[in-house]
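Chemist: Just passing along the structure, written as structure tokens.
Bear in mind that the values in this text are calculations on the coordinates, not laboratory data. The shown structure was predicted, so the numbers you read here are calculated from the model rather than taken from an experiment. Here the Cβ positions follow ideal geometry from the backbone for every residue, glycine too, while neighbour counts run over all protein chains shown.
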Ligand SMILES: Cc1ncc(COP(=O)(O)O)c(C=O)c1O
């Protein structure tokens, strides 16, 4: 397998099936239901509820867990800021736990230090495709009665001690945004084995409709033909995934193994290129973990080189663009200026967001180089890895 198609025949066939239904609303949701069922099977879960994206999933996961104003949710700052947006959307207070210097994912020790009597949940991010230490995190959560929400936007089919990432927390969130292992342009999924959470997730993501439930994402035609039919039993959001997007995601899910394998194989080439390097150290993959490598990420430990100089040399020698890690969430302007659309008034006042609260993440963020792994032609990945080896040689 040296060349694969990112978007295959199945995706096109399923989209055609949806289009051939002419968007009759009585026919809608069929493809989304198929996608949800396929997700349940793939993750050996009980419930899967499709969403319009992997930010809405996080918001609703928290709402389903009963998190709201006055509650604190522990999150890592080194991630795409949606993790924290979810907390603010739920009117709760984010509390930042630091990350591990070698694996770059949220640290169990730091989580423990962040717990107060107001903590209700932890959102753990499987950053770049690598799981955090779930055994320790789940033990902490159990001790303090906290809900664990997995943000697996960047991790499809990663493993933690033999278990598939997505099956370790109380709920797991996935994103199908275009950079992800599987994509439908935009989209998301929440999975859980907990019936109560699943019921609430469905209702809150479907405008609080009375007629929807865990395995039913649409009100029946017959229900709404009564004038006294009461539709809404709670507040909710319209976060549903469209059948067209579901068609693409279903096709993607059917060849997810090859899509993930290609990223892992590309990442291994990059890992090999930096194996003996003194200036670059790759994200550590502890024994018993399988990183599904949404990106291959390394820290530049020689400060005399500089992130931009390294990137420019890599580009000059024929490499692809290297992404920088996102600014830490609490250092983003929306956070610094507390532009939370009046939710800043709801935050617990004694939580500290000043620079210095997560020193490891603050050290890592400006030094991380995220190499893309979404090569669909293995020969190109090999050439890029050779360029990386050459770039390292130039600086060492
Ligand atoms: C870690 C993480 N969480 C959440 C999201 C949000 O997903 P979406 O873009 O589908 O809203 C992303 C990426 O986009 C992400 O990388």
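Chemist: In a Gaussian network model over the chain where Cα atoms closer than 10 Å are linked, find which of 108, 56, 324 has the largest mean-square fluctuation.
Modeler: Checking each option, the largest mean-square fluctuation is seen for 324.
Chemist: Also, I was wondering about something else. Using Cα atoms only, what is the angle between the long axis of helix 307-316 and the major principal axis of the chain, expressed in degrees (0 to 90) to the nearest 10?
Modeler: 80
Chemist: I would also like to ask the following. Report the percentage of all Cα-Cα pairs in the stretch 313-396 whose separation exceeds 18 Å, rounded to a whole percent. Working shown, then result.
Modeler: Numbers: 2099 of 3486 pairs.
When every Cα pair of the stretch 313-396 is considered, 60 percent fall beyond 18 Å.
Chemist: Applying a 10 Å radius around every beta-carbon, put 119-127, 175-183, 334-342 in order of their mean neighbour count, most first. If you can, show how the numbers build up before the last one.
Modeler: On the way: 119-127: 26.7, 175-183: 21.3, 334-342: 12.6.
Listed from highest to lowest mean packing, they are 119-127, 175-183, 334-342.
Chemist: May I ask you to order 313-321, 289-297 by the average number of other C-beta atoms within 10 Å around their residues, highest value first? Could you put the intermediate results ahead of the total?
Modeler: On the way: 313-321: 15.6, 289-297: 25.4.
Result, highest mean first: 289-297, 313-321.
Chemist: Among rounded, prolate and oblate, which fits the stretch 71-127 when a ≥ b ≥ c are the square roots of the eigenvalues of its C-alpha gyration tensor, a/c under 1.5 means rounded, and a/b larger than b/c means prolate? Don't skip to the answer; put the middle values down first.
Modeler: Details: a/c = 2.81, a/b = 1.28, b/c = 2.19.
It is oblate, given that a/c is not under 1.5 and a/b is not larger than b/c.
Chemist: Right, next: Sort 355-362, 220-227 by packing, meaning the average of other beta carbons within 10 Å per residue, with the highest value first. Don't skip to the end; give the middle numbers.
Modeler: Numbers: 355-362: 16.8, 220-227: 9.2.
The packing order, highest mean first, is 355-362, 220-227.
Chemist: So what is the orientation-averaged projected area of the stretch 46-106, using the convex hull of its C-alpha atoms, in nm²?
Modeler: Working: hull surface 19.5 nm².
Projected over every direction and averaged, the Cα hull of the stretch 46-106 covers 4.9 nm².
Chemist: Compute the length gained on full extension between residue 135 and residue 5: take 0.36 nm times their separation in residues and subtract their Cα-Cα distance, giving the result in nm to one decimal. Intermediate values should be presented prior to the final figure.
Modeler: Numbers: separation 130, 0.36 × 130 = 46.80 nm, distance 3.66 nm.
Extra length available between residue 135 and residue 5 comes to 43.1 nm.
Chemist: The stretch 1-76: D in µm²/s via Stokes-Einstein (Kirkwood Rh, Cα pairs, 10 °C, 1.306 mPa s)? Could you put the intermediate results ahead of the total?
Modeler: Working: Rh = 15.8 Å.
Roughly 101 µm²/s, to the nearest whole number.
Chemist: Given a Förster distance of 45 angstrom, what is the FRET efficiency for residue 315 paired with residue 226, based on the Cβ-Cβ distance and rounded to 0.05? Don't skip to the end; give the middle numbers.
Modeler: Working: r = 64 Å, r/R0 = 1.42.
Approximately 0.10, to the nearest 0.05.
Chemist: Please determine, in degrees from 0 to 90 and to the nearest 10, the orientation of helix 378-395 with respect to the longest principal axis defined by the Cα atoms of the chain, where the helix direction is its Cα long axis.
Modeler: 40
Chemist: Given a Förster distance of 35 angstrom, what is the FRET efficiency for residue 327 paired with residue 44, based on the Cβ-Cβ distance and rounded to 0.05? Intermediate values should be presented prior to the final figure.
Modeler: Values: r = 37 Å, r/R0 = 1.05.
Efficiency for this residue pair is about 0.45.
Chemist: Expressed as cubic angstrom per residue, what is the convex hull volume of the alpha carbon set of the chain?
Modeler: Details: hull volume 56.6 nm³, N = 396.
Convex hull of Cα atoms, per residue: 143 Å³.
Chemist: Please find the FRET efficiency linking residue 37 to residue 337, where r is the Cβ-Cβ separation and R0 is fixed at 51 Å, and quote it to the nearest 0.05. Before the final figure, lay out each step's value.
Modeler: On the way: r = 44 Å, r/R0 = 0.86.
With R0 = 51 Å, the Cβ-Cβ based efficiency is 0.70.
Chemist: Report the convex hull volume per residue for the stretch 127-229, counting only C-alpha atoms, in Å³.
Modeler: 121
Chemist: Let me test this: with uniform point scatterers at the alpha carbons of the stretch 200-262, what is the Debye-based log₁₀ I(q)/I(0) at q = 0.12, 0.19, 0.25 1/Å?
Modeler: Here log10 of I(q) over I(0) equals -0.43, -0.78, -1.01.
Chemist: Right, next: For the stretch 9-255, what proportion of DSSP beta bridges, expressed in % and rounded to the nearest 5, is antiparallel? Show your work: numbers first, answer last.
Modeler: Details: 16 of 32 bridges.
So the antiparallel bridges amount to about 50 percent of the total.
Chemist: Considering the convex hull of the alpha carbon atoms of the stretch 226-293, report its projected area averaged over all viewing directions, in nm², one decimal. If you can, show how the numbers build up before the last one.
Modeler: Numbers: hull surface 38.9 nm².
Directional mean of the projected Cα hull area for the stretch 226-293 stands at 9.7 nm².
Chemist: Can you tell me the Rg and Dmax of the stretch 257-395, counting just the alpha carbons, in angstroms?
Modeler: 17.9, 54
Chemist: Rounded to the nearest angstrom and ordered from largest down, what semi-axes does the equivalent ellipsoid of the stretch 129-187 get from its C-alpha gyration tensor (root of 5λ)?
Modeler: On the way: eigenvalues 115, 31, 10 Å².
Values for the stretch 129-187, descending: 24, 12, 7 Å.
Chemist: May I ask for the Kirkwood hydrodynamic radius of the stretch 34-165, worked out over all distinct Cα pairs and given in angstroms to one decimal?
Modeler: Details: mean 1/r = 0.0667 Å⁻¹.
About 15.0 Å, per the Kirkwood formula over Cα pairs.
Chemist: Relative to the longest principal axis of the chain, what angle (0 to 90°, nearest 10) does the C-alpha long axis of helix 256-273 take?
Modeler: Value to nearest ten degrees: 20.
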